Amino acid sequence: MTDTRILFEPVEFANLSLKNRIVMAPMTRSFSPGNIPGDDVAAYYRRRAEGDVGLILTEGVSTNEDTATGTPNVPNIVTDAAKAGWRNVVDGVHKAGGKIGIQLWHEGPFRNPENTPHPEIPSWSASGIKMPGKPLWEPMSEAEIETAITEFVDAAVAAKEIGFDAVEFHGAHSYLIDSFFWDQTNLRDDKWGGDWDGRTRFASEIIRRTRAKVGADYPLIIRLSQWKQQDFAAKTAATPQELERWLTPLVEAGIDVFHMSQRRFWEPTYEGSELNDAGWAKKLTGKPAISVGSVGLSGEFIAAYAGEASEPASLDRLVEMMEREEFDLIAVGRALLQDPDWAVKVRDNRNDELQTFTKDALGKLF
Ligand SMILES: Cc1cc2nc3c(=O)[nH]c(=O)nc-3n(C[C@H](O)[C@H](O)[C@H](O)COP(=O)(O)O)c2cc1C
């Protein structure tokens, strides 16, 4: 039986005081009609707080009403009604003794205009590219870039006012921010493209301007992924030196925590080292890092969308990596979607009660 006590040690950093090291991964649920999170959404998050999750990260939340999403029933943090809905969510989690951060999301080139109230508005991205080599839209104009930055900042400020314990910028998985990072989707030759300083400028501006408004003490997280939806094998930064050039401007802009998205947390990033993406982020920047990917489950999440079930799996590898202090927190997605009491069961060694993840969980909010 795995000794999982390290997962349940309290941690304190970046002005976040967490009762344990388990983070609920951000997961889009599409249960917010009118883009407003209702009582059922509040109850869903509260149950995970009651289930001893150290830090809940919300599903991706839209930063505007027109270009940010083409996914149905995704909540935003723009309208008064949506903000009131989030206040209800935050209050519920806090009453249950939990902490909750919001993930701010702009789908960028993965917004399908046909699924939106504004199909006439082209999707935004660094160079109008969804699939490398096939531009679909115009690159974002300078004015659109300014608008997008301002919307992220305004959303972060609103989240702080509402009472969220942290803000996470979604800079992963090929969405808007990531479209600037990756040299296959950012072909710009102005100050928003080119070398690493150019390709990190969009994210850095969001972070810098948010930091100026929320103050030095408010926890800011960024989620990044080497892999892309278009290319699971992609490496945005091909070497540790490149990774350092990617992360350093974000640290200088004021980011506190790196959340490095992998599909399988144990996979090393570069040859010659066992470190994963979060391990490298922590090593290169000295900042706390969150890892993620197939924790406690036999299969990975993209296959789960296609219907693959995943059996409970050993936590030995995770415990070893955390004992070596390679990263600080571990995010758990599907296992917590399937079972709000996953953390309690792991903590109490109730291994025979851990559940198989099935596709049914994707269609339910409980
Ligand atoms: C239903 C579902 C929705 C997701 N939505 C988001 C999202 O909104 N933002 C995000 O960064 N990742 C999202 N992800 C990815 C998860 O945060 C996580 O990285 C992934 O599921 C791997 O963790 P797991 O293997 O523990 O499930 C989603 C995953 C699932 C299964």
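Looking at (1) closer than 29 Å to GLU244 by Cα; (2) within 16 Å of the ligand (Cβ to nearest atom); (3) among the polar types (S, T, N, Q), which is the only condition SER298 fails?
(1)
Between THR58, THR69, which is under 26 Å from ARG21 (Cα atoms) and among the polar types (S, T, N, Q)?
Values: THR69 fails: under 26 Å from ARG21 (Cα atoms).
Of THR58, THR69, the one residue that is under 26 Å from ARG21 (Cα atoms) and among the polar types (S, T, N, Q) is THR58.
When the stretch 351-366 is examined, which residues are found to be in a helix (DSSP H, G or I) and of a type outside the set (Asp, Glu)? Before the answer, list the steps.
Of the residues in the stretch 351-366, the ones in a helix (DSSP H, G or I) are 351-353, 359-363.
Correct list: ASN351, LYS359, ALA361, LEU362, GLY363.
Report, ordered by the first and then the second residue, all pairs with beta carbons closer than 7 Å, sequence separation of six or more or different chains, a first member in the stretch 333-361 that is closer than 14 Å to PHE8 by Cα, and a second member that is at pLDDT below 95 and surrounded by fewer than 19 Cβ atoms within 10 Å (Cβ to Cβ).
Listed by first residue and then by second, the contacts come to ASN349/MET1.
Would you confirm, using the coordinates I've provided, whether SER291 is free of Cβ contacts under 8 Å to residues at least 60 places away in the same chain, in contact with a helix residue (DSSP H, G or I) (Cβ under 8 Å, 6 or more places away or on another chain), within 13 Å of the ligand (Cβ to nearest atom) and open to solvent by less than 10 Å² (accessible area, probe 1.4 Å)? Reasoning before the result, please.
On the way: free of Cβ contacts under 8 Å to residues at least 60 places away in the same chain: yes; in contact with a helix residue (DSSP H, G or I) (Cβ under 8 Å, 6 or more places away or on another chain): yes; within 13 Å of the ligand (Cβ to nearest atom): yes; open to solvent by less than 10 Å² (accessible area, probe 1.4 Å): yes.
So SER291 passes the test.
Looking at the stretch 77-90, is at least one residue farther than 13 Å from PRO37 by Cβ and crowded, with 21+ Cβ neighbours inside 10 Å?
No: the stretch 77-90 contains no residue that is farther than 13 Å from PRO37 by Cβ and crowded, with 21+ Cβ neighbours inside 10 Å.
Of all residues in the stretch 43-71 being open to solvent by 10 Å² or more (accessible area, probe 1.4 Å) and closer than 29 Å to ASP341 by Cβ, which is nearest to the ligand (Cβ to nearest atom)?
For the stretch 43-71, the residue satisfying everything is THR71.
Restricting to the stretch 326-357, and then to whatever is more than 16 Å from the ligand (Cβ to nearest atom) and open to solvent by 30 Å² or more (accessible area, probe 1.4 Å), can you tell me which residue is nearest to the chain's Cα centre (by Cα)?
As a first pass, look at the stretch 326-357 and keep what is more than 16 Å from the ligand (Cβ to nearest atom): 326, 328, 344, 347-353.
Imposing the further condition that a residue be open to solvent by 30 Å² or more (accessible area, probe 1.4 Å) reduces the set to 347-353.
Values: ARG347: 24, ASP348: 28, ASN349: 28, ARG350: 29, ASN351: 28, ASP352: 30, GLU353: 28 Å.
Filtering the stretch 326-357 for residues that are more than 16 Å from the ligand (Cβ to nearest atom) and open to solvent by 30 Å² or more (accessible area, probe 1.4 Å), the one nearest to the chain's Cα centre (by Cα) comes out as ARG347.
Please enumerate the residues belonging to the stretch 300-350 that are in contact with a helix residue (DSSP H, G or I) (Cβ under 9 Å, 6 or more places away or on another chain), part of a loop (DSSP other than H, G, I, E, B), among the small types (Gly, Ala, Ser) and closer than 23 Å to GLY51 by Cα.
ALA309, GLY333
Which of the residues spanning the stretch 1-16 are touching a residue at least 60 places away in the same chain (Cβ under 8 Å), open to solvent by 30 Å² or more (accessible area, probe 1.4 Å) and in a strand (DSSP E or B)?
PHE13
The values are calculated or read from the model by the stated rules, or taken from the named source; none is laboratory data. What you see is a predicted model; the values in this text were computed from it and never measured. Every residue, glycine as well, gets a Cβ built from its backbone with ideal geometry; the counts of neighbours run over all protein chains shown. The area values use the complete protein model at the heavy-atom level, side chains included, leaving out ligands, DNA and RNA. Shrake-Rupley method; radii C 1.70, N 1.55, O 1.52, S 1.80 Å.
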